[in-house]
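What follows is a single structure, written as structure tokens, with notes after it.
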Number of protein chains: 2
Amino acid sequence: MATLKDISAELGLSVATVSRALNGFPEVNQKTRDKVQEAADRLGYRPNRVAQRLVTGRSGMVGLIVKIRPDMSADQTFFEVLTGLTAGLAARDTDLVLAVDQGDDPVGPYRRMLEKNILDGFILNEPIVDDPRVAFLQKQKIPFVLHGADRDDPDYPFYTIDNQAVTADAVDMLAHLNHRRIALVNGKLHHHYAHERLEGFLKAMGRHGLASDLVKTETKFDSEGYLAALELLAQADAPSAFICASTPIADGVIRAIRDKGLRVPEDVSVIAHDDAMPLTRAVNFDPALTVTRAPLRDACVPLANMLMDHLNGTPAVDLQVTVKADLIVRGSTGPAPKGGTWT
Amino acid sequence: MATLKDISAELGLSVATVSRALNGFPEVNQKTRDKVQEAADRLGYRPNRVAQRLVTGRSGMVGLIVKIRPDMSADQTFFEVLTGLTAGLAARDTDLVLAVDQGDDPVGPYRRMLEKNILDGFILNEPIVDDPRVAFLQKQKIPFVLHGADRDDPDYPFYTIDNQAVTADAVDMLAHLNHRRIALVNGKLHHHYAHERLEGFLKAMGRHGLASDLVKTETKFDSEGYLAALELLAQADAPSAFICASTPIADGVIRAIRDKGLRVPEDVSVIAHDDAMPLTRAVNFDPALTVTRAPLRDACVPLANMLMDHLNGTPAVDLQVTVKADLIVRGSTGPAPKGGTWT
DNA sequence: ATTCAGATTTAAAACGTTTTGAAATTTTCG
DNA sequence: CGAAAATTTCAAAACGTTTTAAATCTGAAT
């Protein structure tokens, strides 16, 4: 494998000049730069990443720890994130090293990876409220970025969506359609985003002067959404609209609505938040699902770039991104039935 | 972070001695070795892997490319392999870097990873017959190990199970139970192991003087096993025993047997090959499934070690491992019905 | 005391890159 | 033309480790 020295010998230039020529430094003469580039191509030069990393003091590797269930399966989101992150990091000459977390100690895998003394930083995902991993990495002064947030006003780099707006937008839209009994089928409250969604929901309902007694929480799978919706629909003054934490939950909710003999959207409207996972495509619902949409995938490249920038010294406050989800109106929402309810 | 120089300064020793002391070289005095170890612990020394890798000429990273389906899901085997390999490689101070293959060009991802000039070698899995990746890596002279085999008598390092024995053992056992009509529900023939299983089956049937006309191939999922078994059971002189390529296929086959109103094992015996994946546990079948068992997981640490040994110069011929699967007799096999068939 | 062998330690080179500070070259302009 | 300025190149140091070849020390045998 050709090295800088080989090129410098070939051309009678110093190694320093060759290095600068190839790295686009402005002070090298265009003619020598061309010569160097030509020789590099001809000799098939590829920089030795290890040497680069030694001198720059970086390992060029960041860690991602994937939580897997006892049955060795993982969230469907995993490959989505893996694909996006490896691509985003590769563009910054960085590799992703994975470890698997099967245990109950949330920081154990992080500690073990740090002991190997090989990582420049971490990417954290699926945070829980006041995530112990955040505390651990902050104490160890290890750079990281968080996909999501684990608290209000974090002081670390993160990329998240505006989760209050997710539910608030849904409420606003449904209220404009004259819905007055709006239910929220929320995710697990050990996730901070579920708190945000709840808060956004409550505030928005308050603004519209609506009672927000129709809240179910701790749902994750479609079956749980199904059960939650059944219960909500069974009570007096039942909801005419559901806001669902995810498309799988919406799937369960719609099933419950139909099992009750009701129609979507004529009797009951359904809106969900959509991570745009390939398996449960909101557009393939019948009727196509109205959603607040924020593809998980969109987060990957920004996350990769933010971590690299953070490693290069950009302070955390400049690396805090909150994006708004798109509201996409499709067929699963419509005007409230006359009287505001089907009951 | 403390370096060798820090320790050497602390103790008034040379860097060389410190390095040797910590790496267990025999020529260092026990007293100095102890002093060095103490100082290293006290200063919290961790070797800089990047520096080690520069001088040893290794990157300390090997590649694994995971094929994922268009829906972004992957084989259930993936996490099993990922967990085992990362553990096995970690023991040899090596990291696994993943890339995702979503395309149609089988060698593209490998070429792209090589261009980044960062990998010491590859681990290949799920080979197809005459795998183009093998040809590519051999031409590029990139070290790799293969989990499985893609041809007879390979000239590269591999770890596989004796797939002829898998079916041969099953046939032998069933023949001893007086079965004469034995069916094989085999996997896809673009995998070399399916050829081996077929060959083992044919040879063994021949040895027992049995006709081997009951062969289905190209099955992978339980539904395909179900259909294959239905067809086989529909014909005259139907099988009294099934050899299945996997536990999911056995699941489908058993369903078909029962849908035909037959019992396992009284009317029809079923044996499968078992990769010991956590989701489909053979022991949880009803009746518990008789299997040839070779946990996928068992391959991971040997594969990791073989690749590292290969990188260290061990020739390929010394790194070719074929293990035999265990035959585990449980409740799904029994003596052939009187007359050798239930028809 | 001298010599030798063995045990232990050392200085220095090497890995391939980036970067610093200085030197050499070219250009500008009075 | 000559000096100053700007441009371009260079030698050397640095990153942290391993390894080679040489040096030093120890103790025993002469």
Residue count for segment B:12-26, restricted to those that are surrounded by fewer than 11 Cβ atoms within 10 Å (Cβ to Cβ) and more than 8 Å from DNA strand D (Cβ to nearest atom): 3
Of the criteria (1) in contact with a Lys or Arg (Cβ under 8 Å, 6 or more places away or on another chain); (2) away from DNA strand D (no atom under 12 Å from the Cβ), which one A:Gln37 fails: (1)
2 or more residues within 16 Å of DNA strand C (Cβ to nearest atom): qualifying helices (runs of 4 or more DSSP H) within segment A:1-109: A:4-11, A:15-22, A:30-43, A:49-56
Some residue of segment A:84-96 being within 7 Å of another protein chain (Cβ to nearest Cβ) and over 20 Å from A:Arg297 (Cα atoms): no
Residue count for segment A:288-335, restricted to those that are within 27 Å of A:His179 (Cα to Cα) and of a type in the set (Asp, Glu): 1
Residue in segment B:61-78 that is surrounded by 15 or more Cβ atoms within 10 Å (Cβ to Cβ) and away from chain A (no Cβ under 12 Å) present: no
Residue match in segment A:36-51 (condition: small (Gly, Ala, Ser), within 14 Å of chain B (Cβ to nearest Cβ), without any contact (Cβ under 8 Å) to a residue 12 or more places away in the chain and in contact with a Leu (Cβ under 7 Å, 6 or more places away or on another chain)): yes
Segment B:252-297, residues that are more than 19 Å from B:Ala170 (Cβ to Cβ), at pLDDT 95 or above and surrounded by 17 or more Cβ atoms within 10 Å (Cβ to Cβ): B:Leu262
Failed criterion for A:Leu4 (all others in (1) more than 13 Å from DNA strand D (Cβ to nearest atom); (2) more than 11 Å from chain B (Cβ to nearest Cβ) hold): (1)
The listed residue being free of Cβ contacts under 8 Å to residues at least 40 places away in the same chain, at the interface with chain B (Cβ under 8 Å from one of its Cβ atoms) and of a type in the set (Val, Ile, Thr), out of A:Val100, A:Val107: A:Val100
Filtered residues of segment A:110-133 (kept if touching a Lys or Arg at 6+ places or on another chain (Cβ under 8 Å), part of a helix (DSSP H, G or I) and under 17 Å from A:Leu307 (Cβ atoms)): A:Tyr110
Wholly enclosed strands (runs of 3 or more DSSP E) of segment B:279-343 bearing at least 1 residues in the same structural domain as B:Phe78 (by TED's automatic domain parsing) and more than 22 Å from B:Ser246 (Cα to Cα): B:320-323
Test: residue in segment B:142-150 that is within 9 Å of chain A (Cβ to nearest Cβ), part of a strand (DSSP E or B) and in contact with a strand residue (DSSP E or B) (Cβ under 7 Å, 6 or more places away or on another chain): no
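The values are calculated or read from the model by the stated rules, or taken from the named source; none is laboratory data. Just so it is clear, the structure is predicted and the values come from calculations on it, not from any experiment. Neighbour counts are summed over all protein chains in view; Cβ atoms, including those assigned to glycine, are modelled from backbone coordinates with ideal geometry.
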